1. Residue by residue through segment 81-103, note down the ones that are small (Gly, Ala, Ser), part of a strand (DSSP E or B) and surrounded by fewer than 18 Cβ atoms within 10 Å (Cβ to Cβ).
2. Can you find even one residue in segment 157-170 that is of a type outside the set (S, T, N, Q), in contact (Cβ under 8 Å) with a residue 60 or more places away in the chain and more than 19 Å from Thr40 (Cα to Cα)?
3. On the given criteria, is Leu78 over 20 Å from Asp213 (Cα atoms), touching a residue at least 24 places away in the same chain (Cβ under 8 Å), surrounded by 13 or more Cβ atoms within 10 Å (Cβ to Cβ) and in contact with a Phe, Trp or Tyr (Cβ under 7 Å, 6 or more places away or on another chain)?
4. Yes or no: Glu204 at pLDDT 95 or above, assigned to a loop (DSSP other than H, G, I, E, B), over 30 Å from Met97 (Cα atoms) and out of contact with any Asp or Glu (no Cβ under 7 Å at 6 or more places or on another chain)?
5. Within segment 52-64, can one find any residue that is surrounded by fewer than 15 Cβ atoms within 10 Å (Cβ to Cβ) and under 30 Å from Leu193 (Cα atoms)?
6. On the given criteria, is Glu71 outside any loop (DSSP other than H, G, I, E, B) and in the same structural domain as Glu155 (by TED's automatic domain parsing)?
7. For segment 211-233, give me the residue count where each residue is out of contact with any Gly (no Cβ under 7 Å at 6 or more places or on another chain) and part of a strand (DSSP E or B).
8. Taking segment 117-158 as the search range and keeping residues that are assigned to a helix (DSSP H, G or I) and among the charged types (D, E, K, R), which one is surrounded by the most Cβ atoms within 10 Å (Cβ to Cβ)?
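The values are calculated or read from the model by the stated rules, or taken from the named source; none is laboratory data. Keep in mind the model is a prediction, meaning the values are calculated, not measured. As a convention, Cβ positions derive from the backbone with ideal geometry for all residues, glycine included, and neighbour counts pool all protein chains shown.
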Amino acid sequence: MNDRELINLITRKVLEQVQSLPCEGCAMQTCDGERACHITAQQNQIPVGVSARHAHLTKEHLEQLYGPGRELTVRADLYQPGNFAAEEVVTVVGPRMRAIEGVRILGPLRNYSQVEIARTDAITLGLDPPIRDSGDLKGAAPILLVGPAGSVFLEEGAICAARHVHLTPEDAECLGVKAGDELKVRIPGIRALTFENVRPKIGEGVLPQLHLDTDDANAAGIRGGEAIEIIKE
């Protein structure tokens, strides 16, 4: 076995171990057993969820990428009720023909298609996507999606997700937070940071959780499940 074959073997073994972990609610997939977010919530604190690059698709675009009649296959439930990581993945291609493979599709299917990436992903792809809420695609960056059965070009499809925190109406009232507020959140630890411009997403049937992308999470030295503090000015 030469060096290249040995490296490939080790890589496959590591990937098998990572993919066997039950929690896909965070980019790092670090939870083994009970989710760290659940443990934090049981202590009446708001946990962090770390969102890796991912795609949301319409039924039409899923069928273009995977074939007629295709449905998403649940790989793992996410922390937010009703949401899941699918077995299906796509390759995303930027304007300079730079690609990132294995971008996971999150379900359920939506009435719009988009790709959410971190700024470092955007640099890799040669894109300059705006920072937006999910579904706000006016002026989003163009992106090509490639699947096993075909491809889909989205003229306005790639964004960097705005920092946001999911809250129930009861949680929001308790914290004195309302829709349209711009919040600050403090993350403790060895690389403690305070993030600004965090948008509250208030709705029934959600679990309180701060969503950060991998760039923000790496800056704060967190892996998901850590407790955060909302700072009201």
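1. Residues satisfying the conditions are Ala99, Gly102.
2. Checked against the condition, which is being of a type outside the set (S, T, N, Q), in contact (Cβ under 8 Å) with a residue 60 or more places away in the chain and more than 19 Å from Thr40 (Cα to Cα), segment 157-170 yields at least one hit.
3. no
4. Taking the combined requirement at face value, the residue satisfies it.
5. Within segment 52-64, not a single residue is surrounded by fewer than 15 Cβ atoms within 10 Å (Cβ to Cβ) and under 30 Å from Leu193 (Cα atoms).
6. Considered against the rule, which asks whether it is outside any loop (DSSP other than H, G, I, E, B) and in the same structural domain as Glu155 (by TED's automatic domain parsing), Glu71 comes out as no.
7. Total satisfying the criteria: 7.
8. Of everything passing the filter in segment 117-158, Asp121 is surrounded by the most Cβ atoms within 10 Å (Cβ to Cβ).
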